[in-house]
Amino acid sequence: MDSIIRNTITVGLPTLMLFIAILATGKTGDAAVWSGLVKVGGSFGMLIGLGVLVFVGFVANSVSYFVVDSLLVRFYQKRRELEQEEQLVREIDKLPITNDLKIKLKWAVMHSIPNQNLSLKHIILKWFIIAATVNAVLSIVGYLGELNIFLELSSHFKLQYLLVGFSTFIFFALVRSKKIWLLVSAFCIIINLAEIVPWYFPAPAVAAATPGHNLRILHSNVLRSNRRYSEVISLVKAEQPDIAVFVEVNSTWAKQLSVLSEIFPYSSNQQESEAFGSAIYSKLPLKNPSVKAFSNKRKSLLSDVEFQGKTISLILAHPTVPIKQQSFIDRNKQLAGIGEYAAQVKNPLIVVGDLNTTMWSPFYKNMVKTGNLRNARSGFGILPTWPTFMPVAYIPIDHFLVSKEIGVLKIRTGRNVGSDHLPLITDLVI
């Protein structure tokens, strides 16, 4: 009976996933199954979809073993308090379950208290093994992000994978578990440290700018549903940037931000939709403001800035959120377009915005490589900016990218102003 329950869980969960995917395709017959597998696999197709279902079945099987066993063990430990051990042992012998489970139940009946502790330790160990396994898989599959939306999404959480790796390593060391799990945890630590530590290495030395000759830019995704307008305005006044840029500006936010015209004599904005407008406010002259479509959605706001007798090109971008296949494709097209455009710009260039990707995404890496750009974070840390409502999941998706002619004096996050993004402030020198 226990094997039937385990097999049902093992097969049932992947089957349920496939069934939901088939319903989403709207197809019937044999074509529905193939289409469902393609749906699960995303852009890579049926093979990845099949692999995902197999992996889910493997995890479900592992979980079912100690869930089913622990429930039955707990059940007989409670009955032992009121019934005779011999009677319970005879009953267990007659149960239609595997011999391995019968032995566990008999041991639980005859050694109730010690076994309870052992069972709890066994359950905790199993969960840490599953955590280490899943962590290792997620740490690896992000490098295949160009193949599939789900694989790409897994590339963003390097810091979280590192913390889980440290946690499992310490646990397995304390309980003196099998060395294989120590090695798996150590692998997760090493592979994720390799992606995080370089961002804290000192950046190339940049001579300090002459007072008044450095360029401070503030970026904020204000969040269209945010109503803490005064806090954003106060932050801008406190930081005193030369340029302030904003995304996710709806018509209400556009009206509220207009008060900044008292500080910034130059401005440019685009209100492509009610939800996703952009705005640039500047103390420096803006020239040739324009709107450019790097894809079919969410146009970017461009402008040249006159600074110390030089012309600097500025791109304010806010690609789509890659939570669906089409928006994933569109976001990637925008990133590729920005990289190609940046490679052709002759002026010193600044690309700023909520790019809805981290530095570990293969699409981000292709963009900065094509455009000969570097992230202003280099040497200052990963500086996570989103989501403020769930710090444990913090990832860096707001960026300042600069061309080689531009030095970075400092970059940091600003205080929480009610958005799901932290502001990002950088001091540059040309």
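The sole residue among PHE264, PHE276 that is in contact with a His (Cβ under 8 Å, 6 or more places away or on another chain) and open to solvent by less than 80 Å² (accessible area, probe 1.4 Å) is PHE276. Which residues, taken from the stretch 140-160, are of a type outside the set (A, V, I, L, M, F, W, C) and either in contact with a Ser or Thr (Cβ under 8 Å, 6 or more places away or on another chain) or modelled with pLDDT of 90 or more (or both)? Across the stretch 140-160, the qualifying residues are GLY142, TYR143, GLY145, ASN148, GLU152, SER154, SER155, HIS156, LYS158, GLN160.
Considering each residue of the stretch 406-422 in turn, at least one proves to be open to solvent by 20 Å² or more (accessible area, probe 1.4 Å), under 19 Å from ILE243 (Cβ atoms) and in contact with an Asp or Glu (Cβ under 7 Å, 6 or more places away or on another chain).
Inside the stretch 194-311, counting only strands (runs of 3 or more DSSP E) that do not spill past its ends, which hold 2 or more residues that are over 32 Å from the mean Cα position of the chain (by Cα)? Please lay out each step first, then the result.
Values: elements: 215-221, 243-249, 266-270, 277-282, 286-292, 300-307.
Those strands (runs of 3 or more DSSP E) span 266-270, 286-292, 300-307.
Within the stretch 150-160, restricting attention to residues that are among the aliphatic types (A, V, I, L, M) and over 18 Å from VAL54 (Cα atoms), the residue that is nearest to the chain's Cα centre (by Cα) is LEU153.
Pairing residues of the stretch 385-403 that are more than 14 Å from VAL352 (Cα to Cα) and of a type in the set (Ser, Thr, Tyr) with residues that are open to solvent by 10 Å² or more (accessible area, probe 1.4 Å) and not in a loop (DSSP other than H, G, I, E, B), at Cβ distances under 9 Å and at least 6 apart in sequence or on separate chains, gives TYR394/LEU159; TYR394/GLN160; TYR394/TRP386.
Flag: PHE363 does not match the condition of being free of Cβ contacts under 8 Å to residues at least 60 places away in the same chain, open to solvent by 20 Å² or more (accessible area, probe 1.4 Å) and either of a type in the set (Lys, Arg) or farther than 29 Å from GLU306 by Cα (or both).
Which of the residues spanning the stretch 385-405 are in a loop (DSSP other than H, G, I, E, B) and open to solvent by 30 Å² or more (accessible area, probe 1.4 Å)? Result: PHE389, MET390, TYR394, LYS404, GLU405.
Given the options VAL351, VAL345, name the one that is surrounded by 24 or more Cβ atoms within 10 Å (Cβ to Cβ), in contact with a strand residue (DSSP E or B) (Cβ under 9 Å, 6 or more places away or on another chain) and more than 26 Å from GLN160 (Cβ to Cβ). First the steps, then the outcome.
Details: VAL345 fails: surrounded by 24 or more Cβ atoms within 10 Å (Cβ to Cβ).
From the options VAL351, VAL345, the qualifying one is VAL351.
The values are calculated or read from the model by the stated rules, or taken from the named source; none is laboratory data. Remember, it's a predicted structure, so these values are computed and weren't measured experimentally. No Cβ is skipped: glycine too gets one built from the backbone with ideal geometry, and neighbour counts run over all protein chains shown. Heavy atoms of the whole protein, side chains included, go into the accessibility calculation; ligands, DNA and RNA do not. Shrake-Rupley method; radii C 1.70, N 1.55, O 1.52, S 1.80 Å.
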